[in-house]
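To keep things clear, I will list the structure first and then write my remarks on it.
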Amino acid sequence: MLDLLLAFWLYLAAALDVVLALLASGHAVTTKRDSRAAIAWVGVIWLAPILGVLLYVWLGINRIQRRARSLRPDRREQRDSDLSSCVPEGLERTLAPPGMHLCALEKLMRDVTRLPLMAGNHVTPLVDGDQAYPAMLQAIDQAARSVSLSTYIFARDPTGWRFVDALQAAASRGVEVRVLIDAVGARRFGWRPMLHVLRRAGIRGAPFSPTLIPWQFQYSNLRCHRKILVVDGRVGFTGGMNIHDGNCLQQQPRHPIRDLHFRITGPVVNQLQQAFADDWAFCAGELLSGEPWFTEVPPAGSVLSRGVPDGPDEDFETLRFTLLGAIACARRSIQVVTPYFLPDASLIAALNVAALRGVEVDIVLPVRNDLALVGWASTAQLWQVLEHGCRVFLSPPPFDHTKLMLVDGIWTLLGSANWDPRSLRLNFEFNVECYDRELAASLQDLVRTKIERSRRIHLADVDGRSLPIRLRDGIARLFSPFL
């Protein structure tokens, strides 16, 4: 029998490969939403015997979606309740002519997120870590019942230690503290994550989706890119800012980073807390509900706000629909500030159509990207928006990590997401949409200041790159779905 198996092992291996390849190909064809991704995976599966199947099982199947659904079976039922009567009375007043056209955007967001628009919020922009970190630390110091913190990067540096001290002090006062750090982001600045320090300090923490990917690798998928801090269920912080020294520009760090964060009070804070609770249930298996995590939050201002969670689970493509809807509804102006600009064909077309309709479309990007491949790929795409009238500005150093979108001086989208495939399809993000003229005006002033410091780039500049640079950028663009 053994001799027979040895004689025919090649045939058995080939038959096994065909069976596995058929199963894997069938899974790819029936589950991948993007036909290009399905074609690519089928090619890998058949052109690399056995190895292609193993790669697909490792990288091509979204296990996060499956686990999240098993841990949160009632989440979709919660969101699928009738929201038609949940439009705040102040919406028409906020959108009073000439902003009534944005009612269509509010309906889109209501249907896409399955979350109500909340009235009575106050949103305070916090520029750089010099403003954001003191406000966040003060909130933690004043915590009486609970602290929920989710971040992508929690660096082992003086800023990180200040947060550890504040969280440890809160826990010692009897405050319930939970800290969620992405497993890849936790190792971004070294192989010894801060999570071990937090646990030794008596703080309950959890990594989001541990992985064997090397800590130096910056292009891993299915990461939790959200930045959320909620204190006592009443005060929230969100935006694009991680926890590390680079954001403290007044301290003149070696690698300074500009960024924008927001302090939020009012009923929408419950939606920030719910996003954290969903992620915590997925990572730690603990359900956070009721006191001390959730409470009835009184009105704190006049901003109409709604949380916009996005990720490769039941919130898949929420962000993409948000951007497309906002661009389609714009009548006067669109302002986009993002560090990573790799929009897909549909977003490029939407921006171009808006510009051709007479909408002023301004896009602010860093002149030098902290991820070289992303910067090269982004430059290779710029001609597609420049040739139809969009204006692109390159902001000078330090690197600007701000993520912001403004429409018609009324609507604001703030949060953690970038304009790239990773944020749009592969990572878990959290944003907040706001309807408020005063907030939008203050942020327009901030964007205007950025533009005044920036250099406008024209189509001739992009076309004038040398051939080696154009080839480099073009090759980098081929990898844009993975950057």
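When the surface is traced with a 1.4 Å probe over the full set of protein chains, TRP293 keeps roughly 10 Å² accessible. Backbone N atoms of region 439-481 closer than 11 Å to the 7 Å Cα→Cβ label point of ILE348 belong to residues 477-478. Calculated mean residue ellipticity, 222 nm, the chain: -12500 deg cm²/dmol, from DSSP H runs (n ≥ 4) at -39500 (n - 2.57) each, averaged per residue and rounded to 500. Between the beta carbons of ALA13 and PHE479, assuming R0 = 30 Å, the FRET efficiency works out to 0.40 to the nearest 0.05. Amide H contacts of MET118 (H built 1.01 Å from N, in plane; Pro and chain starts excluded): SER305, ARG306 sit under 5 Å, all sequence-distant by 5 or more or on other chains.
Test of understanding: what is the full-extension gain from VAL367 to ASP130, defined as 0.36 nm times their sequence separation minus their Cα-Cα distance? Display every interim value, and only then the final one.
Numbers: separation 237, 0.36 × 237 = 85.32 nm, distance 2.28 nm.
Between VAL367 and ASP130, full extension yields 83.0 nm more.
Straight-line cross-link reach from LYS450 at under 24 Å between alpha-carbon atoms covers these lysines, not counting any fewer than eight positions away in the same chain: LYS227, LYS403.
In what order, largest first, do GLU317, GLU429, GLU387 sit by accessible area if the probe radius is 1.4 Å? Don't jump to the answer; show the numbers that get you there.
On the way: GLU317 25, GLU429 0, GLU387 95 Å².
My answer, sorted largest first, is GLU387, GLU317, GLU429.
Taking amide H as placed 1.01 Å from N in the peptide plane, the amide H of VAL147 sits under 5 Å from that of GLU176, VAL177, ARG178, ASP232, each at least 5 places away or on another chain. For the chain, the Kirkwood estimate of hydrodynamic radius, built from reciprocal distances between every pair of different alpha carbons, is 23.7 Å. Using only the Cα atoms of region 423-483, each taken as one equal point scatterer with no solvent, compute I(q) by the Debye sum, divide by I(0), and report log10 of the ratio at q = 0.16, 0.18, 0.27, 0.28 Å⁻¹. Cα-only, vacuum Debye calculation for region 423-483: -0.93, -0.96, -1.03, -1.06.
Here is what passes the span test in the chain: the DSSP H helices with alpha carbon length of 30 Å or more along the helix axis and a Kyte-Doolittle mean of -0.5 or above are 2-31. Taking the accessible area of the chain, probe 1.4 Å, and keeping the other protein chains in place, the carbon and sulfur fraction comes to 59%.
Can you compute the label reach from THR295? Point 7 Å from Cα along the Cβ direction, backbone N cut-off under 14 Å, restricted to region 233-259. Those under the cut-off are 233-236.
Close amide H partners of VAL361, meaning residues 5 or more places away or on another chain with modelled amide H under 5 Å apart, are ILE334, ARG391.
The values are calculated or read from the model by the stated rules, or taken from the named source; none is laboratory data. Keep in mind that what you see is a predicted model, and the values were worked out from it rather than measured. Here the Cβ is made from the backbone with ideal geometry for all residues, glycine too, and neighbour counts use every protein chain on show. Protein only, heavy atoms only, side chains kept; ligands, DNA and RNA dropped before computing areas. Shrake-Rupley method; radii C 1.70, N 1.55, O 1.52, S 1.80 Å.
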